[in-house]
Amino acid sequence: MRGRQHWQCLAPLAPQARKRDDQQDPLSSLLPTPDARVSPDVLVVGAGPAGLALAAELGAQGLRTTLVGDAASIFTNNYGVWADEFQALGLEHTLEHVWGDAVCYFSEGRPTRVGRAYARVDRQKLRQHLVEACQANGVTFQPGEVVDVGVKNGTASVTCQDGSVLTARLVTLASGAAAGRFLKYESSAPAVAVQTAYGIEVEVAGYDEAFDPGRVFLEETCLVAKPALPFQTLKRRLERRCAALGLEIKEVHEEEWSYIPVGGPLPLADQPITAFGAAASLVHPATGYSLARSLREAKGVAAATAAALGSADSQRSVASRVWDALWSQERRKQAAFHIFGMELLCKMGVEPTAQFFTTFFSLPTRQWRGFLGSSLTSLQLLVFAGTTFVLAPLPIKVTRLVRHLVQDPAGKYLLRAYTRSSQEGSATEEAPGAATAAPRDSLPAA
């Protein structure tokens, strides 16, 4: 299964990809060109946050690392993060604006205060930070759009749209969901779902939470759906919401289109190509978050890559060791739990969803923060589930949670993941290209 159903839905993202920013210089002017006489240890395909972060850490491990991506690649997305996660990474200087608390409304006139600071990332500062880390660690940059990836006689290679071929000891795909057609996935997982959002940065009157006087970013999001909720529907909803709130929009400075495949099958460990970031299914299935996790895990994955390349193992064995660092059996259990939650949300109506999230934010802080941050162990997730069951209203317990576990394929997937013996290792069922494929024949920098 190649996820072709998502190709047409991705077409409206073309304006997002075409965005330009004069304050972000092209990578070709910031990073040196690789020496054609020397093959790098690792080729990292994709020059978004995940690709840059991993490349910098690979360089820090002493590996010759080359980034491959669009010559005009810049950061175009708006990123919202929990402020404490970026502070823990030493990245608070890349935050543009921090709100001291987040407030949720799950029913009319009844706010739920989360008690956790939320922030908007300054994409220019984040990119600058990651580029400087790449510069400090000797990372090179090769412009190109990848159309094929392969391994032959122990050497990995990528073929670019212009016909050029680049080789390395290992290729890591960090180009988002577009990389799915080059990877192999387990065949028994629920199908990919999608989070879509439409946002605008505008000048408004009468809004107190603006970044600058009168300037604010507003976004209408569908947390998860099958099939994806269209952008035009989200845009209409946002317009109606602004009208209902009495917001007078004076000028639109920027539009945002976000399409994030979530959930779906996990990559197999038994393949000679590796991946990172969204390409490696690091997007949280129930929230769509991946930025902080990718930045947090880059160092460990780079260390695992260096250790694997330092061994005398075969190409496939080297890649398997890297995959195991990303997707150990323990992490596959955690992912199955998150996918179970995502599938549950897909099937809920408005009222059950409101009841569920009211229950969610009444959990002990460590539990709901750990769930959102992908930091709970598989055992802790079971405790999380038990607490949720105790606190949830009776209709949610019986008609949603229990029925979903017993009757839904996601429940069976969860049970298989938790009961798989350690001797079985990572999943070995193959579904080539089961992740969302790109709407074109090349890999963008994501």
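Values in this text are rule-based calculations from the coordinates and carry no lab data. Being a predicted model, the structure only gives us computed values, none of them experimental. Cβ coordinates were reconstructed from backbone atoms using ideal geometry, including for glycine residues, and neighbour counts include every protein chain displayed.
I want the antiparallel fraction of DSSP beta bridges within the chain, as a percent rounded to 5. Mind dumping the intermediate values first?
On the way: 48 of 62 bridges.
Looking only at bridges with both residues in the chain, the antiparallel portion is about 75 percent.
Can you report the principal axis dimensions of segment 193-262 using only the alpha carbons, biggest first, rounded to whole angstrom?
Principal extents (Cα only, largest first): 37, 21, 17 Å.
Which whole-number percent gives the relative contact order of the chain, counting Cα pairs below 8 Å spaced six or more residues apart?
Answer for the chain is 23 percent.
Separation of segment 262-323 and segment 133-198 by C-alpha centroid, Å?
After rounding, the separation between the Cα centres reads 12 Å.
For residue 319, what is the net charge nearby, where nearby means another residue's Cβ is under 12 Å from its Cβ and Lys, Arg count +1, Asp, Glu -1?
+1
What is the diffusion coefficient of segment 17-131 in µm²/s, taking the Kirkwood radius over Cα pairs and the Stokes-Einstein relation at 10 °C with a viscosity of 1.306 mPa s?
Working: Rh = 16.4 Å.
Estimated diffusion coefficient is 97 µm²/s.
How long are the semi-axes of the equivalent ellipsoid of segment 269-384, defined as square roots of 5 times the Cα gyration tensor eigenvalues? Whole Å, largest first.
Ellipsoid half-lengths, sorted descending, are 33, 14, 12 Å.
If you take the beta carbon distance between residue 155 and residue 251 as r and set R0 to 35 Å, what does 1/(1 + (r/R0)^6) give as a FRET efficiency, to the nearest 0.05?
Numbers: r = 54 Å, r/R0 = 1.53.
Efficiency computed from Cβ-Cβ geometry: 0.05.
Where the only charges are on Cβ atoms (+1 Lys, Arg; -1 Asp, Glu), what is the dipole of segment 193-262 about its Cα centre, to the nearest 20 debye?
Roughly 520 debye for segment 193-262.
Counting only DSSP beta bridges with both residues in segment 55-141, what percent are antiparallel, rounded to the nearest 5?
85
Kirkwood Rh over Cα pairs of segment 97-252 into Stokes-Einstein at 4 °C, 1.567 mPa s: D in µm²/s?
The estimated diffusion coefficient comes to 63 µm²/s.
For the pair residue 406 and residue 22, what calculated FRET efficiency results from E = 1/(1 + (r/R0)^6), where r is the Cβ-Cβ distance and R0 = 41 Å, to the nearest 0.05? Could you put the intermediate results ahead of the total?
Values: r = 56 Å, r/R0 = 1.37.
It comes to 0.15.
Under 8 Å for C-alpha pairs, at least 6 residues apart: give me the relative contact order for segment 193-262, rounded to a whole percent. Please list the in-between numbers first.
On the way: 135 pairs, mean separation 36.2, N = 70.
For segment 193-262, the relative contact order is 52 percent.
Restricting to Cα atoms and excluding each atom paired with itself, what does the Kirkwood estimate give for segment 322-398 in Å?
The answer is 13.3 Å.
For volume of the Cα convex hull per residue in Å³, one of (1) 139; (2) 126; (3) 154 was computed from the structure I shared and the rest are decoys. Which label?
Derived directly from the coordinates: (1).
Based on the mean of other Cβ atoms within 10 Å per residue, sort peptides 245-251, 52-58 so the most packed one is first.
52-58, 245-251
Which whole-number percent gives the relative contact order of segment 332-424, counting Cα pairs below 8 Å spaced six or more residues apart?
Numbers: 54 pairs, mean separation 41.4, N = 93.
Result for segment 332-424 is 45 percent.
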